[in-house]
Amino acid sequence: MKEKHRWLIFFSILLIAALALSGPYTLYVGLVTLVLAALLLFALKPEFGLYLLVFSLPLINWNFDWNSLSASFVEIIALLLFLGFSLRQLYLFSCGELKRGSLKLPLWQPFLLFALVVITSALSSHYIVSSLWYAVRWLFFFYIVYLAVPYNIIKDGKILRNAIIALLLSGLGVAIIGLISLSYQDWYNEFFRVQPIAIGGIYPIGQNHNLIAEFLVIITFAVLSLKYWVTSARGQRLVDILFLFFLAVTVGTFSRTAWIVLGLEIVVFLALDTLYLKRKHWSSQNIIFALILSAIILVPFVNRMTKLQAENVSSTENRVLLTQIAWRAFAAQPILGHGPGTFVSLVDNNIRFRAKYGDPLDSHGLGQKLIAEVGFLGTATFALFTGLIFWNLYRALKLYKKEAQLLLPLAVAALGGLTYQFFNTSYYKGKLWVPIAIAVAAMGLLQKKYAAKKIKA
């Protein structure tokens with residue numbers, strides 16, 4: 001009998017005994033047992049935890065509260081995966097099976113610079129304890145749990161492919177939710193758009209249409225990477241259909257940012273695709289035909305978007321005011337900012353914002369967030385960290401042109417996700433950083449592949 005089967009039998013017996021003896025505490029015992037089961041599964045098979053994490057990325061508003069702590073479903077899965085993965089590494093270390101250099105922290109040097117600035121900024125803040133907690137809760141969490149752990153779990157092409165498939169399935173779920181929302185809207189008297197819906201009395205992916213759009217701009221291009229494994233003509237057509245489906249649903253959100261990001265992604269993808277894959281089908285005639293067809297299709301969408309923006313002055317003014325607040329905060333504390341997590345308090349102290357919009361909001365843009373909270377040094381080191389990610393991806397495209405069909409869509413998807421966060425609020429969430437981790441992991445696998453070829457040669 002295999003070791004994993006013995007563990008399964010043992011845990012099943014333990015579960016039955018615990019539930020039988022729990023009495024009025026059945027719910028709590030069941031929850032604890034479920035957590036322990038997840039930890040055991042993620043320790044034995046961390047890739048299963050990765051797939052669940054990837055699939056759960058949009059569930060940022062399915063929250064669980066305990067006293068003053070609150071965490072979304074995806075954050076709980078991420079934490080359990082981190083703990084299970086850590087237990088696995090400790091076990092391997094204790095058995096002497098943990099190979100030297102097997103654990104890697106991608107781009108840890110530039111992130112360490114950013115982390116040092118963040119800590120210094122927090123210590124110089126008026127709210128030292130809350131700023132330090134914010135740094136741990138969001139900034140260090142995204143790097144360790146959403147970037148480093150997935151990067152180390154993706155050890156081979158099979159895990160990479162399955163992670164991308166999980167991303168695709170998650171995107172399908174979000175797109176279907178958005179399409180279902182159209183059946184509840186008044187198409188004649190109100191402006192309709194693809195947007196989230198409530199399930200069981202909650203909005204698991206949030207209530208704003210941007211929360212659909214910011215995820216689908218990633219999925220739309222990430223799905224094209226599956227062509228690396230799909231070789232049949234039918235399979236490639238299916239991938240193309242999925243790409244067009246996600247593209248159409250994203251356009252249907254009528255998100256200004258989504259349209260801008262999609263335009264950027266298309267331009268970058270076509271430019272790099274022509275440069276590195278040297279596609280022969282991008283003739284001038286095909287390009288002109290595609291532009292004319294796109295213009296015809298987009299005319300009704302553009303008309304609707306124009307109408308929406310004419311009625312959407314308040315949203316634009318809100319963002320302008322938040323930018324002004326961020327700039328004034330930067331001018332007051334230009335080097336280290338006011339401390340991580342202080343943006344809401346800065347908005348709360350702005351009488352004009354409170355009078356016009358009510359309760360304070362967090363920054364609607366990564367740039368606003370960084371300059372106000374961590375100043376010039378924090379912004380510069382974060383730019384260095386993210387810039388090196390995409391510089392390395394670009395270099396990898398130049399080096400591994402034969403695998404550009406895999407790496408290019410993932411890199412463009414990651415770039416689109418990050419670009420979107422210069423206009424939205426998910427800058428430290430897994431729905432941004434796990435796709436980046438997948439792209440970086442793909443690059444790492446290609447580096448190992450070519451290094452092994454050099455050794456054999």
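At a glance:
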{"item": "Descending Cα extents along the principal axes, segment 85-211, whole Å", "result": "65, 48, 27"}
{"item": "Extension gain, Ala452 back to Ile351 (0.36 nm per residue minus Cα-Cα distance, nm)", "result": "30.2 nm"}
{"item": "Solvent-accessible area of Ile335 with every protein chain in place, 1.4 Å probe, in Å² to the nearest 10", "result": "100"}
{"item": "Principal axes of segment 175-268: Cα extent on each, largest first, Å", "result": "44, 29, 25"}
{"item": "Two-decimal log10 I(q)/I(0) for segment 68-137, as the Debye equation yields it once each C-alpha is a single scatterer, q = 0.15, 0.22 Å⁻¹", "result": "-0.79, -1.04"}
{"item": "P(r) tail fraction, segment 213-264 - alpha-carbon pairs more than 18 Å apart, %", "result": "33"}
{"item": "For segment 144-275: accessible area per residue (Å², 1.4 Å)", "result": "42"}
{"item": "Chain lengthening between Leu98 and Leu238 when straightened (0.36 nm per residue, less Cα-Cα)", "result": "46.3 nm"}
{"item": "Filter on Lys155/Lys448; Lys401/Lys448; Lys99/Lys155; Lys99/Lys402 - keep pairs with C-alpha separation over 20 Å", "result": "Lys99/Lys402"}
{"item": "Convex hull (Cα only) mean projected area of segment 35-87, reported in nm² to one decimal", "result": "3.6"}
{"item": "Protein accessible area in segment 382-457, 1.4 Å probe - carbon and sulfur %", "result": "63"}
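The values are calculated or read from the model by the stated rules, or taken from the named source; none is laboratory data. Because the structure is a prediction, the values reported are computed rather than measured. Side chains are part of the model used for accessible areas, which takes the heavy atoms of the whole protein and leaves out ligands, DNA and RNA. Shrake-Rupley method; radii C 1.70, N 1.55, O 1.52, S 1.80 Å.
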